[in-house]
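Heads up: the structure comes next, in structure tokens.
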Amino acid sequence: MSTPTDPSSQRSLSYVGALNEAVEQEMDLDPGVFVIGLNVDDHKGIQGTTQGLFDKFGPDRVMDTPLSEDAVTGISIGAAMAGMRPIHVHIRMDFLLLCMNQLINMAAKAHYMYGGQTKVPLVVRSIIGKSWGQGAQHSQGLHSMFMHVPGLKVVAPTNAYDAKGCLTAAIRDNNPVIFVEHRLLYSTEAPVPEAPYTVEFGKARVVGQGTDITLVGISYMLVECLRARELLAEVGISAEVIDPVSLMPLDVDTIAASAGRTGNLLVVDNAWTVAGAGSEIVAAVCERATGNAPVVGRMGYAPTTCPTTPVLEKDFYPNATTIAARAFAMVRPGDKPWSPDAEPTLPHEAAFKGPF
Amino acid sequence: MSGNTPDPETLARVYRSLRLIRRTEEEIARLYPSDKIKSPVHLSIGQESVSVGVCDALNDDDMMSATYRGHAAYLAKGGDLNQMMAELYGKGTGGAGGKAGSMHLVDMKAGVLGMSAVVGTTIPIAAGYAFAMKREGRPSGEGRITAGFFGDGATEEGVFSETLNFAALHKLPILFVCENNGFAIHSPLSNRWATEALCERVRTYGIPTHEIDDADVFTIRRTAVDAIQAIRAGEGPQFMECKTYRWREHVGPGEDYDDDYRTRDELAPWQENDAMATTGEMLDAAERDAIDKDVEQRIAEAIAFAEQSPWPEPEELFSHVYAD
Ligand SMILES: Cc1ncc(C[n+]2csc(CCOP(=O)(O)OP(=O)(O)O)c2C)c(N)n1
């Protein structure tokens, strides 16, 4: 079992601070690293994640752009082919849809299609929004679309330690990396070493051990799964919680081994379930199972567009309560359905007041 | 030749390049029915003067980016002919080991950025490469530049306008070259453009433009030389619109004048003005014959190289998905 805690560091840093520090350190180490994107240089600094970088590195390395996501993606790819290491930042993952042509037809393909003559060391940072009226077009988790395409890597760190380590690894990677952040993780803190370090892609973390069911939480849903684990413990169910950290490459081994032990696998995605990351994880685990396949389940966004009003929005997302209830039904199929009597909104989520 | 009469060395070099491209593509067309070429081919026959005129003005360490109709640009920039032919045959010795075919030719050593079959996609990538070149910190006048080729259809894609704006804003060292052959597949400009004032549109971004209507290779070359000098001096991007004409069908080896979207009459003036023929006539016959012979030999060698080269090993399917 690995944990995101490094005993050598007692310093606690927020997810925002971790992202910021990773970029600053890599920019110090490698003059080819630069940040590009709408508003990366303004006083808000992408919720603080790029704050201070402009003052330190100047406009050549922290560049605001015209509202031209398609071209700026291509320009970043071209600069990457020339040996630079661009970090293209998007304040919302929804805006990656304007970049799909370049990301999928060019960035993902170039190394292969050109027989290894070019590399595209590009990082695309994108933030998934939630609550306070983010609604239809500021809330989408589109990671599975990118997982589908060979040539891209996809990571979705859920804590400050992994945020720094994964971003450092992404910047140093010679491939295009889709870096999936979640707005509600930004205020969370974890011990984060000051010196640069990398978190290897393709290694899942077991973040809570258990024996009755395996919960896999993707992006923000990892936080909800950890809370669900506490609720389940109250009724004597021991849940193992896994954070895949990286979705492509995906550490199926760790998840399959856990599901093999617990006999139950519930994947909770911060996205829709149809053709999603959860579908992939469940299928990959079942394909490996010899003999006894685990009982499997998927949870994710309701199969609807995300509404803005909180009254409807609360039922759009899975939460610790609904996850615990579903897990209970999987572990004790004969029992009467149970749902924990708990506040469905986590404290740091309740503290989040928009606008973005 | 509109006052752009070249010195003898340039004339010979330009003719050789035009001849090599024309004859290579004619050979591709000749071989095509044999099914040895495992790739759709978009021939440049008739359009060579644009690639040759511009690429002759580039330095070896400059970069060039082009489209699926890229044989001419590839060869004009000095791309390896053996590797190109092997690539068309799908052989392991192709420039991309058989993963590119005709539509994605690449030769980074020769300054040929990879080509793309999705219209318009290479325009921002060429600009991105130029963006990196600008940061190489070479003295003014000595910097590297990128020339980006694309068709008239590509200028309708949003990314074209986005890239012009970005390139002008950041004074990127890039020469945009639109090869306006009047058609996107079979669709004429009149179906697609509200006005033909392409250069006027581009100028509104603050980019100097050059419109060349007669496809004269030495006019194109002279224009490119001057534009590139300004670009190297740090003045930012320039744009050339070169009117030209595609003699063959959009894709494939044949002609399509009976297909009801254009007539052979339209071709006639372009054929009379053919750059290869007119530059050839400017050369002394013995010199021209020597070049022609040499070109035939190089092409024959490239075809033999492609024929004799091995297929890629099956495990190559899985190489280069990710870079190390
Ligand atoms: C984005 C995109 N849309 C449509 C096509 C289909 N298509 C292939 S070539 C072509 C015509 C492009 O015309 P132009 O840019 O003028 O270049 P030309 O083929 O004349 O050299 C089209 C529409 C494509 N490959 N990519």
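The values are calculated or read from the model by the stated rules, or taken from the named source; none is laboratory data. The model shown is predicted, which means the values in this text are computed figures rather than measured ones. Here the Cβ positions follow ideal geometry from the backbone for every residue, glycine too, while neighbour counts run over all protein chains shown.
One residue is enough: does the stretch B:75-89 have a residue meeting the conditions of a type outside the set (S, T, Y), within 16 Å of the ligand (Cβ to nearest atom) and without any contact (Cβ under 8 Å) to a residue 40 or more places away in the chain? Taking every residue of the stretch B:75-89 in turn, none turns out to be of a type outside the set (S, T, Y), within 16 Å of the ligand (Cβ to nearest atom) and without any contact (Cβ under 8 Å) to a residue 40 or more places away in the chain.
A quick yes/no check of all residues on (1) over 26 Å from B:G158 (Cβ atoms); (2) surrounded by fewer than 23 Cβ atoms within 10 Å (Cβ to Cβ); (3) touching a residue at least 12 places away in the same chain (Cβ under 8 Å):
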site: B:T93; (1), (2), (3): yes, yes, yes
site: B:P124; (1), (2), (3): no, no, yes
site: B:G128; (1), (2), (3): no, no, no
site: B:P139; (1), (2), (3): yes, yes, no
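All conditions in (1) within 10 Å of chain B (Cβ to nearest Cβ); (2) surrounded by fewer than 23 Cβ atoms within 10 Å (Cβ to Cβ) hold for A:R92, with the sole exception of (1).
Taking the stretch B:103-121, which residues are within 16 Å of the ligand (Cβ to nearest atom) and free of Cβ contacts under 8 Å to residues at least 12 places away in the same chain? Scanning the stretch B:103-121 gives a single hit, B:V118. Checked across the stretch B:62-69, the condition of being away from the ligand (no atom under 16 Å from the Cβ) and within 14 Å of another protein chain (Cβ to nearest Cβ) holds for at least one residue. Applying a threshold of 7 Å to beta carbon distances and a minimum spacing of six or more residues, or different chains, the list of pairs starting in the stretch B:155-167 at a residue that is under 16 Å from A:C99 (Cα atoms) and ending at one that is within 10 Å of the ligand (Cβ to nearest atom) and part of a helix (DSSP H, G or I) reads B:F160/B:A154. Restricting attention to the stretch B:89-124, the residues being under 28 Å from A:D70 (Cβ atoms) and either more than 9 Å from chain A (Cβ to nearest Cβ) or not acidic (D, E) (or both) number 25. Would the stretch B:20-31 turn up any residue that is more than 14 Å from chain A (Cβ to nearest Cβ), touching a Ser or Thr at 6+ places or on another chain (Cβ under 6 Å) and within 16 Å of the ligand (Cβ to nearest atom)? Within the stretch B:20-31, none of the residues are more than 14 Å from chain A (Cβ to nearest Cβ), touching a Ser or Thr at 6+ places or on another chain (Cβ under 6 Å) and within 16 Å of the ligand (Cβ to nearest atom).
Taking residues in the stretch A:68-89 that are over 15 Å from B:R135 (Cβ atoms), and partners anywhere that are of a type in the set (K, R) and not in a helix (DSSP H, G or I), the pairs with Cβ atoms closer than 6 Å and at least 6 places apart or on different chains are A:V89/A:R125. I'd like to check something: does the stretch B:160-170 contain any residue that is over 16 Å from B:R203 (Cβ atoms), at pLDDT 95 or above and surrounded by fewer than 23 Cβ atoms within 10 Å (Cβ to Cβ)? Yes, some residue in the stretch B:160-170 is over 16 Å from B:R203 (Cβ atoms), at pLDDT 95 or above and surrounded by fewer than 23 Cβ atoms within 10 Å (Cβ to Cβ). The single condition among (1) more than 20 Å from B:E315 (Cα to Cα); (2) buried (at least 24 other Cβ atoms within 10 Å of the Cβ); (3) more than 8 Å from every other protein chain (Cβ to nearest Cβ) that B:A86 does not satisfy is (1).
To keep it simple, each residue is scored yes or no on (1) modelled with pLDDT of 95 or more; (2) surrounded by fewer than 23 Cβ atoms within 10 Å (Cβ to Cβ); (3) touching a Leu at 6+ places or on another chain (Cβ under 9 Å).
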{"position": "B:P8", "(1), (2), (3)": "yes, yes, yes"}
{"position": "B:L11", "(1), (2), (3)": "yes, yes, yes"}
{"position": "B:L18", "(1), (2), (3)": "yes, no, no"}
{"position": "B:Q47", "(1), (2), (3)": "yes, no, no"}
{"position": "B:R69", "(1), (2), (3)": "yes, no, yes"}
{"position": "B:A73", "(1), (2), (3)": "yes, no, yes"}
{"position": "B:G90", "(1), (2), (3)": "yes, yes, no"}
{"position": "B:M115", "(1), (2), (3)": "yes, no, yes"}
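Taken together, the criteria place A:M106 among residues that are facing another protein chain (nearest Cβ under 7 Å) and either of a type outside the set (A, V, I, L, M) or more than 22 Å from B:E136 (Cα to Cα) (or both).
If only residues of the stretch B:152-186 that are farther than 20 Å from B:D213 by Cα and more than 14 Å from chain A (Cβ to nearest Cβ) are counted, the one that is farthest from the ligand (Cβ to nearest atom) is B:H186. In summary, B:P269 fulfils each of the numbered conditions (1) surrounded by 14 or more Cβ atoms within 10 Å (Cβ to Cβ); (2) within 22 Å of B:C178 (Cα to Cα); (3) not polar (S, T, N, Q) with the single exception of condition (1). If the condition is being assigned to a loop (DSSP other than H, G, I, E, B) and either buried (at least 18 other Cβ atoms within 10 Å of the Cβ) or touching a helix residue (DSSP H, G or I) at 6+ places or on another chain (Cβ under 6 Å) (or both), then the stretch B:284-320 contributes B:S309, B:P312, B:H320. Selection over the stretch A:172-225 of residues that are surrounded by 21 or more Cβ atoms within 10 Å (Cβ to Cβ), within 14 Å of chain B (Cβ to nearest Cβ) and assigned to a helix (DSSP H, G or I) gives a count of 0.
Screening B:E235 with (1) within 16 Å of the ligand (Cβ to nearest atom); (2) in a loop (DSSP other than H, G, I, E, B); (3) over 29 Å from B:E27 (Cβ atoms) gives one miss only, at (1). If you go through the stretch B:234-241 one residue at a time, do you hit one that is over 25 Å from B:D62 (Cα atoms) and modelled with pLDDT of 95 or more? So far as the stretch B:234-241 goes, no, none of its residues is over 25 Å from B:D62 (Cα atoms) and modelled with pLDDT of 95 or more.
For B:F149, the criteria (1) hydrophobic (A, V, I, L, M, F, W, C); (2) at the interface with chain A (Cβ under 9 Å from one of its Cβ atoms); (3) near the ligand (Cβ under 10 Å from one of its atoms) hold in every case but one, which is (2). Evaluated against (1) surrounded by 14 or more Cβ atoms within 10 Å (Cβ to Cβ); (2) away from the ligand (no atom under 13 Å from the Cβ), B:E200 falls short on exactly one condition, (1). Exactly one residue out of A:T262, A:T290 is touching a strand residue (DSSP E or B) at 6+ places or on another chain (Cβ under 8 Å) and among the hydroxyl-bearing types (S, T, Y), and it is A:T262.
Counting the residues of the stretch B:53-63 that are surrounded by 24 or more Cβ atoms within 10 Å (Cβ to Cβ) and not in a helix (DSSP H, G or I) gives 1.
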